[in-house]
1. Collect the residues in region 305-322 that are of a type in the set (A, V, I, L, M, F, W, C), over 14 Å from C249 (Cα atoms) and in contact (Cβ under 8 Å) with a residue 40 or more places away in the chain, keeping them in residue-number order.
2. What is the residue count in region 309-318 for residues that are assigned to a loop (DSSP other than H, G, I, E, B) and either of a type in the set (S, T, N, Q) or surrounded by 19 or more Cβ atoms within 10 Å (Cβ to Cβ) (or both)?
3. Which of the residues spanning region 81-94 are surrounded by 15 or more Cβ atoms within 10 Å (Cβ to Cβ) and touching a helix residue (DSSP H, G or I) at 6+ places or on another chain (Cβ under 7 Å)?
4. May I ask you to say which residue of F325, F294 is more than 21 Å from the chain's Cα centre (by Cα) and either touching a residue at least 12 places away in the same chain (Cβ under 8 Å) or surrounded by 14 or more Cβ atoms within 10 Å (Cβ to Cβ) (or both)?
5. Please verify whether region 202-218 includes one or more residues that are touching a residue at least 60 places away in the same chain (Cβ under 8 Å) and either closer than 23 Å to G339 by Cα or buried (at least 24 other Cβ atoms within 10 Å of the Cβ) (or both).
6. Which residues, taken from region 120-142, are within 22 Å of the chain's Cα centre (by Cα) and among the charged types (D, E, K, R)?
7. Could you check region 33-54 and list, in sequence order, the residues that are surrounded by 17 or more Cβ atoms within 10 Å (Cβ to Cβ), over 14 Å from the mean Cα position of the chain (by Cα) and of a type outside the set (A, V, I, L, M, F, W, C)?
Amino acid sequence: MKAALALEDGTYVEGRAFGAEREGLGEIVFCTSMTGYVEALTDPSYKGQILMMTYPLIGNYGVSREDFESDGVKVEGFVVKELCKKPSNWRSEKSVDELLKEYNVPGIEGVDTRMLTRKIRIYGSMKAAIGVGDVEKEDLIRKAVEQPFIGDVDLVDKVCVREVKRMESGGDLEVVLVDCGIKMSIARQLLKRGVNLTIVPYNYPAKKIMEMNPDGVFISNGPGDPARVKSTIETIRKLAGQIPMAGICLGHQLTALALGAKTFKLKFGHHGSNQPVKDFETGRVFISSQNHNFAVDEKTLPANVEVTQINLNDHTVEGIIHKDFPLITVQYHPEAGPGPHDTYFFFDRFIDMVKEYR
């Protein structure tokens, strides 16, 4: 079946449909990972976005539920150059086409993803629309243009837990994990380190968190504009200094906002598993997995907050630490779903910090 992709600047390309036979609307972003498409498709941070892979052949090793980062596909649409119809891997349970059909998400293949990536790099991320079947060009472009700007949509509420959830490791450390759209690899890394998790919704009050008497608090990743997640910002503001805290990705941005800093939207975001980050403490440069559209404005950070890491591509803030109380955050994804594994040490730092102040 035919399909088409339209961007808000009037770009219109035709290709072949796969996945659900329905329309998809969202902000189009490109991901530079060569593998890990299952993790990307199920990452709640991609909610509200149409995901495009820069690597040309996608789906060759199929889909394994073991690789899911949430309870299902979270992207609004999927764009690839060439889709593998017959995956070959001993772990494979289904194809990407079958996965997207299961979760009612449309896809398009056979388009020039290189051209589209270059356009986004030059002009920035854009609103986009996928149409399936007999599509009217001007109608699809209009739908791309008229949809809401992603920064005006409350996305966290669409992907977080609704009620308190418990995950036990058998260890003796108790951590409250504030779910803004958590990747399950984060929970798995903490559980491996002997942490018992109490997962609470993003809008869970600080007072109720402290009543649980945790050893630490962890703020998860998630989608959208951090400035819109005011309830979590307020929770962090009230908890900061009372208990050891850490944040990842959106959690990093929310923590910076709670401390008085500002955030801004990146031109085309960081999406992929090959982002170079420099750590100032060790001087080491490591490769990280990232997925975010917003960043912390370094110039607005208060004097008692120190930048610990930067992105070597655009020098944006990748990590902060508070000088006066136990609080650390990073912008990248140290849980490395799907990889690389260079940054697992962040979880060890958090555990050491929790034990020190226990």
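The values are calculated or read from the model by the stated rules, or taken from the named source; none is laboratory data. Please read all numbers here as calculations on a predicted model, not as lab measurements. Note: ideal-geometry Cβ built from the backbone for every residue, glycine included; neighbour counts use all protein chains shown.
1. Result: V305, single match.
2. Qualifying residue count for the region: 2.
3. K81, L83
4. Every option except F325 fails the conditions.
5. Checking region 202-218: at least one residue is touching a residue at least 60 places away in the same chain (Cβ under 8 Å) and either closer than 23 Å to G339 by Cα or buried (at least 24 other Cβ atoms within 10 Å of the Cβ) (or both).
6. R121, K127, listed by residue number.
7. Residue satisfying the conditions is T54 alone.
Condition check ((1) modelled with pLDDT under 95; (2) in a helix (DSSP H, G or I); (3) more than 29 Å from Y332 (Cβ to Cβ)) across all residues:
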site	(1), (2), (3)
K74	no, no, no
N89	no, no, no
K101	no, yes, yes
G107	no, no, no
R114	no, yes, no
R118	no, yes, no
A128	no, no, no
I141	no, yes, yes
